[in-house]
Amino acid sequence: MREPAVGGPSGGPDPEPEATTTTVTQRHASAPERSVQERSAPEVRDYRAAFNVARLPMALVDSDGRVREANPAFGALLGADPVLLTTRTAAELVGLTGAGGEAPPLGESPEYAEYAEYEDVLTGRRGELRRTRPVCGPDGRTVWAEVVVVPVPGGALVSVEDLGETRELREQLRHLRMHDPVTRLPNRQLFFERLATALEGADSRTGRIGLCYLDLDGFKAINDTLGHRVGDRLLKAVAGRLSDCAARLARSGTLVARLGGDEFAVLVEDSTGTGQATGLAESVLAALQLPFDLAGQRLAVSASIGVVEREAAGATATGIMQAADTTLYWAKADGKARWTLFDPERNAHRMTKQALSSTLRQAVERGEFALEYQPLVELGSGSLRGVEALVRWQHPHFGLLGPNRFIPLAEENGSIVQLGRWVLAESCRQARQWQKDWPDDPIFVSVNVAVRQVWDSDLVADVAEILDDTGLPAGLLQLELTESAVMGSAGRPLQALHALQEMGVRIAIDDFGTGYSNLAYLSRLPVSALKLDGSFVHGFRDGLHPNPADETIVEALVQLAHRLGLTVTAECVENAEQAERLRRIGCDTGQGWLYSRPVPPEAIAALRGDVPGPGPGPGEGPGE
């Protein structure tokens with residue numbers, strides 16, 4: 001073994017005057033760039049003393065990587081006499097290679113590449129090497145340490161800093177950062193980490209993943225009435241019951257997390273199927289239904305749960321959480337205190353609704369809507385008296401859509417105002433053209449109006465402007481509102497109805513008999529006509545076994561309407577026998593497939609001379 005480049009331990013021989021020497025310092029110290037040859041003997045002794053008494057474990061190694069000298073702290077770290085360590089390689093002692101101290105072949109693994117970097121430091125081709133490594137202590141305990149190797153003349157200085165306390169502190173900080181302070185459960189960040197990891201490695205287990213996503217029903221009321229302290233206690237108690245439910249699965253890959261507020265998630269990383277996920281949801285519901293006793297407060301809560309269970313292949317954390325959130329919404333919409341399993345078909349329907357809703361306004365601007373008209377026929381003479389305008393959407397992707405597919409969406413998002421104004425304007429324009437074609441016997445047009453059009457727009461001003469622009473007389477326009485929208489109207493809606501009546505516009509109540517049926521209030525409304533809901537006319541279909549109750553009700557409604565000065569239209573008239581019986585009890589007009597399906601405007605002219613009167617005729621399916 002070649003002679004050390006510096007003096008040995010205290011009491012050992014001094015370096016020879018001609019020997020190449022190295023100045024040893026702690027890695028954080030700034031030492032003068034001078035060799036020991038340039039230093040005085042007292043200086044060399046000072047550096048030797050500093051090396052020996054340093055608390056930082058250090059060792060000098062030669063260019064072959066063998067220990068020349070180790071200080072007592074280095075020996076204490078490894079549980080060995082520092083003198084005996086001089087027979088070992090530093091790389092073996094501090095874990096810089098797994099080859100037992102022999103230089104491994106290069107280029108075969110990351111650890112071999114690391115050893116090459118270590119050799120570059122020994123030969124002065126590299127300035128420094130820093131690595132965090134587990135170092136085995138004297139009692140067999142593994143100590144995480146930062147190993148720093150810096151070149152010095154003739155070899156390198158290896159220092160080892162124990163990171164045990166620092167690493168433990170980091171782990172504690174990470175735990176605090178990844179866990180909810182109230183419930184001590186994993187938080188949203190840790191949950192998404194585990195979810196992403198489960199999706200990446202699911203192929204090695206069952207290849208499936210399950211998730212129960214829940215929130216507490218009415219938790220805000222508890223916070224508001226009893227305070228956040230009681231609310232936090234409840235959340236902690238709920239967390240305990242959820243953890244118990246997950247533990248009963250007896251699977252290691254189950255995680256209970258609090259995602260925020262009163263939202264929790266139970267992740268099953270290696271789900272065995274839908275039954276396991278729904279069984280877990282049932283267990284959670286049963287556990288939460290038991291009352292909670294919290295510091296003298298006895299509380300009862302329930303939860304709504306969205307359940308997702310699927311193959312992990314191709315799934316993403318974002319996609320799974322979107323499905324879970326959607327399913328949780330379904331559970332709440334279905335009545336709360338229940339679980340709902342994700343249904344791809346139901347979700348596809350929801351996505352279609354969203355796609356339609358988001359493009360309604362642009363569709364009006366692009367001219368994708370068209371009107372068809374269904375005749376309103378006088379039951380006594382069979383003459384065409386009017387038409388009802390029915391809107392259709394020629395969607396570029398979904399084809400021709402009836403009003404039931406998009407009118408409710410338009411009412412929800414407010415685009416019904418824009419769409420309704422277009423329908424009103426187009427209907428009046430067409431009715432004006434018919435008036436020009438048949439000036440001696442014009443027909444009126446009936447247009448459906450949503451309640452939101454009355455509240456969110458100036459309907460009276462819109463009607464006045466459209467009538468003025470088209471030149472249509474007000475008496476040839478009828479506006480239909482549903483019974484539920486008209487009954488109980490007050491304030492602005494009622495004022496609008498009166499203003500429209502004063503203009504000469506007819507007002508009809510659609511689907512009469514299915515809503516409030518407040519007959520006393522009906523006498524005070526500015527209404528011109530009633531349209532009887534088709535459910536009353538169904539009892540007139542079977543001539544051999546008629547429903548006498550339906551006929552009695554319809555007859556009473558017709559007599560009442562006539563005494564109030566109102567006309568009556570029967571909807572869903574499907575055969576001539578129905579038409580005759582309705583005529584006999586006094587209905588004024590009929591509408592249904594007996595006369596015509598909704599047709600384009602150019603087909604109305606042909607119907608004026610070809611409308612069937614009462615008499616035998618084939619029945620068809622439901623009208624409109």
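Please treat every number below as a calculation from the coordinates, not as lab data. As the structure is a computational prediction, the values presented were derived from the model and not from experiment. Note: ideal-geometry Cβ built from the backbone for every residue, glycine included; neighbour counts use all protein chains shown.
Any lysines with Cα under 16 Å of the residue 220 Cα? List them, leaving off those in the same chain fewer than 8 positions away.
Within reach: 236, 332, 336.
Of the listed peptides 78-84, 145-151, 55-61, 554-560, what is their order by residue-averaged count of other C-beta atoms within 10 Å, with the highest listed first? Please report the intermediate quantities before stating the final value.
Working: 78-84: 15.0, 145-151: 20.7, 55-61: 22.7, 554-560: 17.3.
Descending mean neighbour count gives 55-61, 145-151, 554-560, 78-84.
Could you give the nm distance between label points at residue 232 and residue 437, where each point is 7 Å from its Cα heading toward the beta carbon?
That separation, rounded to one decimal, is 7.6 nm.
Cβ under 11 Å from residue 190's Cβ, residue 190 left aside: what net charge do those residues give with Lys, Arg +1 and Asp, Glu -1? Could you put the intermediate results ahead of the total?
On the way: positive: 174, 177, 188, 194, 258; negative: 180, 193.
Summing Lys/Arg as +1 and Asp/Glu as -1 gives +3.
For residue 352 and residue 282, FRET efficiency with R0 = 41 Å and r from the beta-carbon atoms, rounded to 0.05?
0.85
Please list 3J(HN,Hα) in residue order for region 421-428, calculated via the Karplus relation 6.51 cos²θ - 1.76 cosθ + 1.60 where θ = phi - 60°; whole Hz, with x for glycine and proline.
Karplus values, whole Hz, x for Gly and Pro: 5, 5, 4, 4, 5, 5, 5, 5.
Could you sort the peptides 454-461, 471-478, 349-356 by per-residue average Cβ neighbour count (10 Å cutoff), highest mean leading?
On the way: 454-461: 16.8, 471-478: 18.5, 349-356: 13.4.
Put in order of decreasing packing, that is 471-478, 454-461, 349-356.
Students often check this: by mean Cβ neighbours within 10 Å, which of 522-531, 595-604 ranks highest, and how do the rest follow?
Values: 522-531: 18.9, 595-604: 16.8.
By packing density, highest mean first, the sequence is 522-531, 595-604.
Does anything in region 351-368 have its amide N under 18 Å from the 7 Å Cα→Cβ label point of residue 333, and if so which residues?
So the set is 351-360.
Could you check the simple spin-label distance between residue 580 and residue 603, using points 7 Å along Cα→Cβ, in nm with one decimal?
Computed distance between label sites residue 580 and residue 603 equals 2.7 nm.
Hey, for a label at residue 404 modelled as a point 7 Å past Cα toward Cβ, could you say which residues of region 549-591 have their backbone N under 19 Å away?
It comes to 571-575, 591, nothing else.
What's the extension gain from residue 383 to residue 361 if we count 0.36 nm per residue and subtract their Cα-Cα distance? Can you show the working numbers first?
Numbers: separation 22, 0.36 × 22 = 7.92 nm, distance 3.79 nm.
Extra length available between residue 383 and residue 361 comes to 4.1 nm.
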